[in-house]
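The values are calculated or read from the model by the stated rules, or taken from the named source; none is laboratory data. In this text the structure is predicted, and so the values were computed from the model without any measurement. Using ideal geometry, Cβ is built from the backbone for each residue, glycine included, and neighbour counts are taken over all protein chains shown. Calculation scope for accessible area: heavy atoms of the full protein, side chains included, ligands and nucleic acids excluded. Shrake-Rupley method; radii C 1.70, N 1.55, O 1.52, S 1.80 Å.
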Amino acid sequence: MSTLGTVAKTVLRRRYLRQDENGTVVETPDELFHRVARDVASAEEAFGGDADAVEAAFYDALSGLDFLPNSPTLMNAGTDIEQLAACFVLPIEDSLDSIFTALKQAALVHQSGGGTGFAFSNLRPQGDVVLKTGGVASGPVSFMQIFDSATEQIKQGGRRRGANMAVLDATHPDIERFVTAKADEGTLRNFNLSVGTDEPFWEAYDSGARYDLVNPRTGAVVDQMDPADVLARIAEMAWATGDPGMLFLDTINEHNPTPALGRLEATNPCGEVPLLPYEACVLGSINLATHTADGEVDWAKLRETVHLAVRFLDDAIERSAFPVSETDEIMNANRKIGLGVMGFHDMLVDLRIPYATSDAVEFGRDLMSFVHDESWAASRDLAEERGPFPNWADSTRERPMRNATTTTIAPTGTISLIAGCSASIEPIYNVAYTKHVLGGLAVVNDRFVDMAKERGFYSEDLLEAVHGRTSIQDVEEIPDDVKPLFQTAHDVSGAHHLRVQAAFQDHVDNAVSKTVNLPQSASIGDVEDLFLTARDLGLKGVTVFRSGAKSEQVLGDDPRK
Ligand code: CDP
């Protein structure tokens, strides 16, 4: 088993290790890895596999911190709440019955540790008629507030705040209200917002025309808007608060592997998994930081981990019990999994490639291409062993696969802390800082310290000097060839963040969760430009975060706090 750092141990003790009814921790980290490996590997029995051998391999990958599944799997596998997925999308139709059914389903999903996304686009607009009562409708934003309050009361799995994504189509008559819904600090704090756009919106934008606002209840065009005004408004709010982001629903649906089952209209809370109504996804991330040797990528080990991880995630679907029966059905029929990576920046440091370079972008693209191809190969192998996902014949997948999707880039907000690596495909935020959510723990970047010692510029004073800094580029003691390797989120331009996102998106079935950090001095126009660039790059969505913007990030464990 790899040695766990202090942060990892603290996070595990606080939220992951099993507790008895008095809240006393009754499990060690090693026992956690055994519990998860044993439980997930037990799925092998149904397929005539060697559950003991697979369990041993899973245990080695988990305890070696080579691969970690999403938090609900770590928390729930082998316990009474055997719900292993982090991501859900629930449908909401235009009726009180549907709205409150979704509210109840969301509560159950949160209780089990999952996050929920919803399209509110089918709800009639504010002020529209309510035939049954002769009253007027509240509209999507009011109903979102009810979901927000309910979320506030139910801590996920009793251990973390719940997270939601609300999507509203740009053609909805309440779009302006939606875009500004988080203008007041503290409102909708358990929601991320995304405006859904489609081809007609962008065609109108390109030709300088207006586009239609449509009442979803009647199908009637009730108004028209200038898409440039809407975009400017979105950019203004995103500049001020970080919300809303944008979803490019046409691009998302071009890549929908099962169009016969309907359109993808919403994603999970952090945007990395577009899902059909009731669909869920079990995520897992490979720790790239443990897949280098002598300054090179250990491709053989990486291949092995990808294959094992795909097996793990498919087994996890088999083991998972979902709180909503419709989810059971569609999960068994599509079997979407989301394998991604974390520790990308750490790997770049090992390869001596600075994050903010074209080399990093091209390397990221090649790396993800490898992970993606191997994950499909693994899913095809599983299809031979276990049969393809039942909706395969109706899908866009040409050869039989076990899973409708295999890849996703998740934020890895907490699991990267457990693995002790840089989060997801993000640049580091500091080389040394105090982690307040963990009661003031001091955290230092191991690679930075090792390099400082190796190169002879290490000192306690240096660590103190860099502590809490969001950039080390002007610290004199650090050699000029070392500085670029430790570029932070602040040193990386918004445009470069997007290029990295796009490079990974090129080889990801689902989507990429990436925060595009901007300096405080960025203008509203800069945000608008980034949205347009994101669209041009063929991304499925985009979220920006300007330094100093007021926000309540729903990223659970924002690595910056
Ligand atoms: O690191 P961890 O597995 O805890 O999660 P993540 O990669 O940061 O987030 C993956 C997904 O988990 C998010 O997109 C949400 O769907 C869900 N999540 C959540 O429901 N609640 C949170 N507080 C954090 C994440």
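In region 243-251, is there at least one residue being surrounded by fewer than 22 Cβ atoms within 10 Å (Cβ to Cβ) and of a type in the set (A, V, I, L, M, F, W, C)?
Checking region 243-251: not a single residue is surrounded by fewer than 22 Cβ atoms within 10 Å (Cβ to Cβ) and of a type in the set (A, V, I, L, M, F, W, C).
Among the residues of region 359-375, what is the count of those that are open to solvent by 60 Å² or more (accessible area, probe 1.4 Å) and within 15 Å of G338 (Cα to Cα)?
So the count comes out to 1.
Test F143 against the criterion of being within 16 Å of the ligand (Cβ to nearest atom), under 23 Å from E176 (Cα atoms) and more than 20 Å from the chain's Cα centre (by Cα), and give yes or no.
It is false that F143 is within 16 Å of the ligand (Cβ to nearest atom), under 23 Å from E176 (Cα atoms) and more than 20 Å from the chain's Cα centre (by Cα).
Every residue in region 407-437 that is within 9 Å of the ligand (Cβ to nearest atom), part of a loop (DSSP other than H, G, I, E, B) and under 30 Å from S459 (Cβ atoms), please.
Matches in region 407-437: A423 only.
Under 9 Å between Cβ atoms, which residue pairs at least 6 apart in sequence (or on different chains) link something in region 61-86 that is at pLDDT 95 or above with a partner that is within 13 Å of the ligand (Cβ to nearest atom) and aromatic (F, W, Y)?
Short answer, once both residue conditions are applied: A61/F67; S71/Y16; L74/Y16; M75/Y16.
If the requirement is being under 16 Å from S422 (Cα atoms) and open to solvent by 60 Å² or more (accessible area, probe 1.4 Å), which of these qualifies: H490, H497?
Every option except H490 fails the conditions.
Does V306 satisfy being open to solvent by less than 10 Å² (accessible area, probe 1.4 Å) and assigned to a helix (DSSP H, G or I)?
The answer is yes for V306.
Contact list please: Cβ distance under 6 Å, first residue in region 150-169 and assigned by TED's automatic domain parsing to the domain that holds Q111, second residue assigned to a strand (DSSP E or B) and small (G, A, S), pairs at least six apart or on different chains.
Partner pairs satisfying both residue conditions: A163/G115; M165/G117; V167/A119; V167/S194; V167/G196; V167/A266; D169/G196.
Looking at F58, is it open to solvent by less than 10 Å² (accessible area, probe 1.4 Å), in contact with a strand residue (DSSP E or B) (Cβ under 9 Å, 6 or more places away or on another chain) and away from the ligand (no atom under 16 Å from the Cβ)?
yes
From Q111, Q126, which residue is more than 12 Å from the ligand (Cβ to nearest atom), open to solvent by 30 Å² or more (accessible area, probe 1.4 Å) and outside the structural domain of A309 (by TED's automatic domain parsing)?
Going through Q111, Q126 in turn, the sole match is Q126.
Of the conditions (1) more than 16 Å from S424 (Cα to Cα); (2) open to solvent by 40 Å² or more (accessible area, probe 1.4 Å); (3) within 16 Å of the ligand (Cβ to nearest atom), F545 clears all except one; give me its number.
Of the numbered conditions (1) more than 16 Å from S424 (Cα to Cα); (2) open to solvent by 40 Å² or more (accessible area, probe 1.4 Å); (3) within 16 Å of the ligand (Cβ to nearest atom), the odd one out for F545 is (2).
Residue-by-condition table, conditions (1) closer than 30 Å to Q83 by Cβ; (2) crowded, with 24+ Cβ neighbours inside 10 Å; (3) not hydrophobic (A, V, I, L, M, F, W, C):
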site	(1), (2), (3)
F191	yes, yes, no
W202	no, no, no
V222	no, no, no
L261	yes, no, no
V273	yes, yes, no
C281	yes, yes, no
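All but one of (1) in a helix (DSSP H, G or I); (2) open to solvent by less than 10 Å² (accessible area, probe 1.4 Å) hold for L530, so report the exception by its number.
Only one criterion is unmet by L530, namely (2).
How many of the residues in region 435-457 are surrounded by 12 or more Cβ atoms within 10 Å (Cβ to Cβ) and under 24 Å from the mean Cα position of the chain (by Cα)?
Of the residues in region 435-457, 5 are surrounded by 12 or more Cβ atoms within 10 Å (Cβ to Cβ) and under 24 Å from the mean Cα position of the chain (by Cα).
If R38 satisfies all but one of (1) more than 16 Å from the ligand (Cβ to nearest atom); (2) touching a residue at least 40 places away in the same chain (Cβ under 8 Å); (3) charged (D, E, K, R); (4) open to solvent by less than 70 Å² (accessible area, probe 1.4 Å), what's the number of the condition it fails?
(4)
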